[in-house]
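Read-outs: derived from the displayed coordinates by stated rules, not from any lab. All figures in this text were calculated on a predicted structure; none of them were measured in a lab. Note that we place each Cβ from the backbone using ideal geometry, even for glycine, and neighbour counts take in every protein chain shown.
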């Protein structure tokens, strides 16, 4: 995911790899482990203030997180003892307020460390952050694995009928997290559950390591300059053996994502495209190094997940997954896939036929294959959009884009951004290029703050490439400990050069819109408890909705005329040019949608059935794909997102959230994109109903409140020109 968020959504066995055994008899705290830091000596411990990053180091973050983790663990154990005392009277406030006072400071300190990890690798080395992450994650999971806290939440839920919606949502989070972590199991069942957890984590680690080794093992060196003649400068820099002379070569092609995808789009040699494509798709298969075969690991992971959720009372892992999704059931996801496929598949047939004709007209001989599509698709898009990227960039100087975007947000949501003089506040950011804004209500009352870090810093920022960007939930809102939300929007734009401002591509503008959408979801929350504030506790298939909603604004001329302006003349982007960019953006949308729907269906089938993975692929493939399944294609064996990472039975979320976002955006279109007053009315309703509630109200409910019905795929199909 492109945003780095606090570990917040319900996850089974990802936040805490080995479940803590509940049947404890004693606790031991090793006092020498407790750092001596105080709020006076360690700025990260002053969590209610904006941090002066000049005074922060990795060691300071490590000590702060260690101290707060121990304080949280000790506090939870004390709370458990109180809850289990005979005659104890537990109320919502007497349970949740102490938990909030323990966890919100830890999350805030962790957020500072996470921000430094992304933005300054010299201040926050990777190994140090891994220690911090592991320590904070372990401590944070404790409260969700506590039997006394679980039972107390159930008791409050059953006995107190006057709880409001946000209080119910918070209690439900603890109850569901507890149940998914085995709190309903007896001692024997818990032992089995823990053993399954260990086995599952081992197989996931093996799968991940094997895929990474297979990815790193392949390389191909190009010596012919003609082969790289169309390579963009970023790809040349990434592949050149001599980084000081990227145009001279030779060039080393690998399967790293940022190299692989760009290479497939720009390599003119079909044989070389095939070679790299099959190496990519065959990772984990039995056709290569048998020590890197992942088929058995994949099947074992499916088996362990299936048996584990059976202990919890679910028929399948996919069914369990829907407990934490807006979609609600596998049936609802399947219905979405079928409705979209009905339009996307015939469109894909037409698109691929036209692409093959286009390629043949330009000298391509033979039938088009899967590995040919990215290259010829790029050529076809270029023929549709007559403008060079460099020309487009001239209309998107960063100062104009940012000021126009902030003004647009202010106008629609009736809020105000105030640029902070960091020298006067003493809250200095981690780099001089970083801006700090206060976000305020129209009456001036503070909502929160956000940092904007725009430029690439090679060797300092995490994955410092143009495509890399993040929204970091640095601090969540918590009224209990007086925390206002803080977000950090981190981009990788080219810095200003020779008096010329940073010029953005259209894709970068869309990316910035998405990150601001994410930031607003985090900032504009009105939940008083951090565990259900903003993006925290938001269902997985709803996390990307606000980001994708904001991306849709890039298709609107009125919007783009306000945030574009030639860096010399100030003239906005021509309407015809935007029309061409929009046309290019939905080029082959039927094909793209079919690929996403196939992967979504594959994911659900892997975690709903007992069929061997290859049999599932052979059954599903012709329903979604026009090309035949290649013999060496073993893509499930390297599909880390759903096998060894966190998207198991959740891959459909990408399409679901886009569908919901398009439906929300259509409400603004219906109001009239040029009607300022009408947009303000819809915008404030979106803010008050969707953004303000965030994770404190189920997104299915907030959507119904906003649109008056359940989500429909119609708006997405219209946007993609598939209607």
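The ellipsoid equivalent to the alpha-carbon distribution of the stretch 161-259 has semi-axes of 53, 22, 7 angstrom, derived from the gyration tensor eigenvalues as √(5λ) and listed largest first.
Helical content of the chain, expressed as a calculated mean residue ellipticity at 222 nm, amounts to -16500 deg cm²/dmol (DSSP H runs of 4 or more residues, -39,500 (n - 2.57) each, divided by residue number, nearest 500). Calculated on C-alpha atoms, the gyration radius of the chain divided by its Kirkwood radius gives an Rg/Rh of 0.95.
For the pair residue 442 and residue 507, the difference between a 0.36 nm per residue extended length and the Cα-Cα distance amounts to 20.3 nm.
Pairs of C-alpha atoms in the stretch 574-670 farther apart than 18 Å represent 59 percent of all such pairs.
Rounded, prolate or oblate: which fits the stretch 332-404 when a ≥ b ≥ c are the square roots of the eigenvalues of the alpha-carbon gyration tensor, with rounded for a/c under 1.5 and prolate only if a/b beats b/c? Oblate. Once the chain from residue 712 to residue 381 is taken as fully extended at 0.36 nm per residue, the excess over their C-alpha distance is 116.3 nm.
Scoring 584-591, 328-335 by mean Cβ neighbours within 10 Å over their residues and listing the highest first yields 584-591, 328-335. Spin-label pair residue 269-residue 97: with each label point 7 Å from Cα along the Cα-Cβ axis, the two points sit 7.1 nm from one another. Using a cutoff of 8 angstrom between alpha carbon atoms and counting only pairs six or more residues apart, the relative contact order for the stretch 31-183 works out to 26 percent. Over the chain, Cα pairs under 8 Å with separation of 6+ residues give a relative contact order of 17 percent. Binning the C-alpha pair distances of the stretch 535-622 at 10 Å intervals from 0 yields a P(r) profile of 13, 26, 25, 21, 10, 4, 0 %, listed from the shortest bin outward. Stretching the chain fully between residue 89 and residue 134 yields a gain of 12.7 nm (0.36 nm per residue, less the alpha carbon separation). Distance between the pseudo-spin-label points of residue 609 and residue 688 (7 Å out from Cα toward the beta carbon): 4.9 nm.
What is the antiparallel percent of DSSP beta bridges lying wholly in the chain, to the nearest 5? Among the beta bridges of the chain, antiparallel pairing accounts for roughly 75 percent. Peptides 196-203, 708-715 ranked from most to least packed give 196-203, 708-715, packing being the mean of other C-beta atoms within 10 angstrom over each peptide's residues.
Radius of gyration over Kirkwood radius for the stretch 60-118, both on Cα atoms: the Rg/Rh ratio is 1.12. The shape of the stretch 640-684 can be summarised by an equivalent ellipsoid whose semi-axes, obtained from the alpha carbon gyration tensor, come to 35, 8, 6 Å from longest to shortest.
Classify the stretch 216-297: rounded, prolate or oblate, from the alpha-carbon gyration tensor (a ≥ b ≥ c, eigenvalue square roots; a/c under 1.5 rounded; otherwise prolate if a/b is larger than b/c)? Prolate shape, in that a/c is at least 1.5 and a/b is the bigger ratio. For the stretch 31-183, just say rounded, prolate or oblate: build the C-alpha gyration tensor, square-root its eigenvalues into a ≥ b ≥ c, call rounded for a/c under 1.5, and beyond that prolate if a/b exceeds b/c, oblate if not. Since a/c reaches 1.5 and a/b is larger than b/c, the shape of the stretch 31-183 is classed as prolate.
Over all directions, the average projected area of the alpha-carbon convex hull for the stretch 381-442 comes to how many nm²? Mean shadow area of the hull around the Cα atoms is 6.7 nm².
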